[in-house]
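K.L.:
A single structure is presented below for examination.
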Amino acid sequence: MAGPRKALAWARVSTEDQHERGTSIEQQLREIKERAPARGFEIVGGYEEGASAYQARAKRPRFEEMLAHARRDKLAILVHEYSRFTRAGPEGLILIHQLLEEGVDVVSMTEPQHDPKTSEGVLGEALTHLKNQLYSLDVAKHTVKGCKGNVQSRDPETGWAYKNGGSPLWGYQAKRIPLSDSKGRTRYKVIWLLDERIIAGRPLHEWVREALLMALEGASLAQLVRFCTQHGLPPCRKHWGLSTWNALLQPDVLLKYSGMGIWNVHGKRGKHNPPSSWVCVENSHPAIISDLEAETIHQARLNSGDRAFARGPNRSRTSPYLLSGGVFRCGSCGSNMIGLKQARGFFYVCGSRSYRRGEGCGPGVYVRKEWIEGGLAAGIAKILSVWLDAKRFVPLVNAQIEKLWQGQKGTPANFEAELEAIQAKTEKIRRAIEDGLEDTAWANQRLCELSAERTRLEDLKGRTGSAPRVDERAIRRYAADAHKILTGGEIGERKALFHKLVERVTLAPERVIEITYRVPEPVMVNVVAGVRCDAQKTKPDLVALIFEITGTALVPMKGLGQQSSRVLVAGL
């Protein structure tokens, strides 16, 4: 006579409420063990799981481990009811039949056993699994309703909205708030607060904001990864990578950083739901960036070509739009002016306009690419012709260098006097120590300072030779190279020159373009000159920038330019 068949016991719950309904893991295993001998089974092992049976099998590791064990040893699988095994409907029924063909029976201890070889058995089995699937769909419907209501509810003390679980975004931390339900049980709600952990002397959320603003300025994924790594910022995943920052810059995540709570972004198996099905709650948690900054970052990424994991060089470096990357900005909202290709040509337009679909800045101004870039090139050429006038400028530059050189080098008499003063101070401190000075820590520190000063002076005293000089050939060569790049250089070279010589270009609210040029180093440091032109004209009216030399500083001569033009000078 054959003995009892060996089997594994399987139990599963998906919610805490199932314990109160008599379907906890302990109760399931107890009933399986009580009924197994009468059904001719001997239990040799058991598995349990706390997950939904409607999930994909990839998210049920214990379930897969149990199946592998049963297949390997040809063991039966005993369940309290079939819904504890699977609620996947036809897919679950197919899995049970596949296991049966492999010698593994799935047996319910509390439901009738159907013979799959008869028509009545096939119908009864199908109805059982259909009932389980319908129940699972009904539970899912109520779960969605509860989750939607939860994210729209707020903590009465802080005013922040509750979350439906999951890890908080990088820059936030989760706070659990205990609440009592109608039955007197303690349930916990979760809200997000700013992460105040101090990293390199600053709260983490301030680092997060700085990184997001770098993305707004056009930083690539690789640059953002490098920024986080160099400053030792803790990663939101195992380590910093391109995929991490690609995920942080997705539209729904950017909206969350602006303080908006968003739920139902992802569906089954990670599939993205359409935005129309998202549940959005404004002012759901503290904002790290504004909604306008979030929209501008999104638009900057759309235009940068760095939306995924670009392996080649950064597209913005070779973009045909020479003013991309933050040089050209909208004066109304602060967004970058972005490139726009249309049938009638190439234009710059406010980056927030296309995202907001007309809101924010009002009717957009389309600035034609060829005339704004051509006007800037002409302005740069005129300014360089003044700055790089070799005969006028070289003597003054060399005179200034000589003055700085002598100021640093000093005179031999000054060196001797200063060295003698340092020696006298050193001897005085040493005598004070011998006489019993108590504050020896101060004395040691002061002696180190005097020693460093003596070393510096001796180094300067030992310098020989004359000050470095700039000749006319170097100035002419610089001018020729700059002109060659302006007229026929590669896109990357022209863009680099524009960014060196143009401080900013702003589309002012009155539809006037402000152009601010930067004086190139080493000719003059921190001298900025700018002009204004009408954005609606066919080409910009650049002011004839004529400079006179006063001392060592370049200043614009007074009384020049048209009424619509304005000259800006800073740093003098």
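K.L.:
When you check residue 375 against the structure, is it buried (at least 17 other Cβ atoms within 10 Å of the Cβ), in a helix (DSSP H, G or I) and modelled with pLDDT of 70 or more, yes or no?
P.N.:
yes
K.L.:
Right, another one. So, residue 506, is that one of a type outside the set (A, V, I, L, M), under 30 Å from residue 366 (Cβ atoms) and at pLDDT below 50 or not? Give the derivation first.
P.N.:
On the way: of a type outside the set (A, V, I, L, M): yes; under 30 Å from residue 366 (Cβ atoms): yes; at pLDDT below 50: no.
In short, no.
K.L.:
Considering every residue within the stretch 268-281, establish whether at least one is closer than 22 Å to residue 200 by Cα, at pLDDT below 90 and not hydrophobic (A, V, I, L, M, F, W, C).
P.N.:
Checking the stretch 268-281: not a single residue is closer than 22 Å to residue 200 by Cα, at pLDDT below 90 and not hydrophobic (A, V, I, L, M, F, W, C).
K.L.:
Go through the stretch 205-217 and give me each residue that's more than 11 Å from the chain's Cα centre (by Cα) and touching a residue at least 40 places away in the same chain (Cβ under 8 Å).
P.N.:
Selection gives 205, 217.
K.L.:
Could you identify the single residue in 83, 119, 108, 153 that is free of Cβ contacts under 8 Å to residues at least 60 places away in the same chain and either within 30 Å of residue 193 (Cβ to Cβ) or assigned by TED's automatic domain parsing to the domain that holds residue 204 (or both)? Let's see the steps before the verdict.
P.N.:
Working: 83 fails: either within 30 Å of residue 193 (Cβ to Cβ) or assigned by TED's automatic domain parsing to the domain that holds residue 204 (or both); 119 fails: either within 30 Å of residue 193 (Cβ to Cβ) or assigned by TED's automatic domain parsing to the domain that holds residue 204 (or both); 108 fails: either within 30 Å of residue 193 (Cβ to Cβ) or assigned by TED's automatic domain parsing to the domain that holds residue 204 (or both).
When all the criteria are applied, what remains is 153.
K.L.:
Then there's this: Would you mention how many residues in the stretch 106-123 are surrounded by 14 or more Cβ atoms within 10 Å (Cβ to Cβ) and either touching a Ser or Thr at 6+ places or on another chain (Cβ under 6 Å) or modelled with pLDDT of 75 or more (or both)?
P.N.:
5
The values are calculated or read from the model by the stated rules, or taken from the named source; none is laboratory data. Quantities reported herein were computed from a predicted structural model and do not represent experimental measurements. With ideal geometry, Cβ positions are generated from the backbone for all residues, glycine too; neighbour counts draw on all protein chains shown.
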